[in-house]
Amino acid sequence: MFWLIATCMLSFGFGQLWKWSQRRGLSAPIVVPTNYLTIALTLMLYFAWSGTLYFPPMVLLVGSATGLSFIVSMLVMTHALEKARVGVVLTSFRLAILVPIVYSILVWGETASTLQYLGIGLALVSLVLMTWQPSAHQDTNSANPLPLMLAIFLLQGISHCCLRWIHYAGLDEQRMHVLCITALSAGLLGALFALYRGLKPRARDLGMGIGIGLFNLVALGATLTALSLFPGTVFFPLNGSAVVMLDNLCAQYIWRETQSRLGLIGVAFGIVSMLLIFQ
């Protein structure tokens, strides 16, 4: 239970840091790879100090695949935010937890009780309600390309599946080594993309990326630990619903953003879903 709560709080904290960086007008294509490279460098220094700087082939495979899925998903979502309504993009992003849940049941043979399935359904409904923005609050000229929304849904879902793959690949004991390769591959690919775009890093972009990276190291470490202890049918809906619920409450009471009635109903559904899932 401790690791589930810790993961939810840390994931929520990461989201708030990211939101703060965007409010300060920092460059996401610079902050994101800097964040990942900070994680990779920190872990490599620790492994070198502890004499465990060795990466078996399976660690390299799973870590590289996870890193690729991370950075591609992030780049596609960043592009989508420029082309489509924010509410639609975030809904597609949040509902991606359905992919690892279904995959865990069909491929990895995970099970859930009837009440837990009901909780999973309520969690998905709550995510739609909490992230959907009424048309009156959105740019009426913004596009809503369905292929882009499906791409976000599938790519983020694949990222979640890769995180779960670590457990089923028998790499729980080496999860931090997998995280190191994940961060290294995502960071290098993100840096290459920034170079291709001709983006010049500013000191404040790099500083924020380093700060977020150190926090994200703890958050992702907690996530991998929780995934080694709990089934995906419990972790993904519980974490997804809890984080968005906390984000909505924080948006209203700290960031002073107005929340719709649908959003508040979604929070209530999220609370009920968590009680059903973690019975």
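The values are calculated or read from the model by the stated rules, or taken from the named source; none is laboratory data. It should be emphasised that the depicted structure is a prediction, and the values quoted were computed from it without experimental measurement. Neighbour counts are summed over all protein chains in view; Cβ atoms, including those assigned to glycine, are modelled from backbone coordinates with ideal geometry.
Within segment 246-279, the set of residues being more than 15 Å from Ile120 (Cα to Cα) and either at pLDDT 80 or above or of a type in the set (Ser, Thr, Tyr) (or both) comprises Leu246, Tyr253, Thr258, Ser260, Ile265. Residues in segment 201-255 that are of a type in the set (D, E, K, R) and touching a Phe, Trp or Tyr at 6+ places or on another chain (Cβ under 7 Å): Asp247 alone.
Residue by residue, here is whether (1) of a type outside the set (Val, Ile, Thr); (2) farther than 23 Å from Arg202 by Cα; (3) surrounded by fewer than 17 Cβ atoms within 10 Å (Cβ to Cβ); (4) over 19 Å from the mean Cα position of the chain (by Cα) holds:
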position	(1), (2), (3), (4)
Phe14	yes, no, no, no
Arg24	yes, no, yes, yes
Trp49	yes, yes, yes, yes
Leu53	yes, yes, yes, yes
Met74	yes, no, no, no
Arg94	yes, yes, no, no
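Here's a check for you: in segment 185-204, which residue that is hydrophobic (A, V, I, L, M, F, W, C) and closer than 20 Å to Gly63 by Cβ is surrounded by the fewest Cβ atoms within 10 Å (Cβ to Cβ)?
The initial filter retains those residues of segment 185-204 that are hydrophobic (A, V, I, L, M, F, W, C), namely 186, 188-189, 191-195, 199, 203.
Imposing the further condition that a residue be closer than 20 Å to Gly63 by Cβ reduces the set to 186, 188-189, 191-193.
Numbers: Ala186: 29, Leu188: 16, Leu189: 19, Ala191: 20, Leu192: 12, Phe193: 17.
Top of the filtered list is Leu192.
If you go through segment 205-218 one residue at a time, how many are surrounded by 22 or more Cβ atoms within 10 Å (Cβ to Cβ) and of a type in the set (Gly, Ala, Ser)? Final tally of qualifying residues: 2. Output yes when any residue across segment 236-255 is β-branched (Val, Ile, Thr) and assigned to a helix (DSSP H, G or I), and no when none is. So far as segment 236-255 goes, yes, one or more of its residues are β-branched (Val, Ile, Thr) and assigned to a helix (DSSP H, G or I). When Ser126 is tested against (1) part of a helix (DSSP H, G or I); (2) modelled with pLDDT under 85; (3) more than 19 Å from Gly157 (Cβ to Cβ), exactly one condition is not met: (3). On the given criteria, is Ile30 assigned to a helix (DSSP H, G or I), at pLDDT 90 or above, over 13 Å from the mean Cα position of the chain (by Cα) and crowded, with 16+ Cβ neighbours inside 10 Å? Taking the combined requirement at face value, the residue satisfies it.
Note on segment 111-123: among residues that are surrounded by fewer than 17 Cβ atoms within 10 Å (Cβ to Cβ) and part of a loop (DSSP other than H, G, I, E, B), the one that is farthest from the chain's Cα centre (by Cα) is Ser113.
Of everything in segment 16-53, what is without any contact (Cβ under 8 Å) to a residue 24 or more places away in the chain and in contact with a Phe, Trp or Tyr (Cβ under 8 Å, 6 or more places away or on another chain)? Give them in sequence order.
Residues of segment 16-53 without any contact (Cβ under 8 Å) to a residue 24 or more places away in the chain: 20, 22-23, 25, 41, 45-46, 48-51, 53.
Once the filter is applied, which keeps residues that are without any contact (Cβ under 8 Å) to a residue 24 or more places away in the chain and in contact with a Phe, Trp or Tyr (Cβ under 8 Å, 6 or more places away or on another chain), segment 16-53 yields only Leu53.
Let me spell it out: the conditions are (1) touching a Phe, Trp or Tyr at 6+ places or on another chain (Cβ under 8 Å); (2) within 29 Å of Asp205 (Cβ to Cβ), and Ile101 meets all of them except one. Which number is the exception? Result: Ile101 fails condition (2) only.
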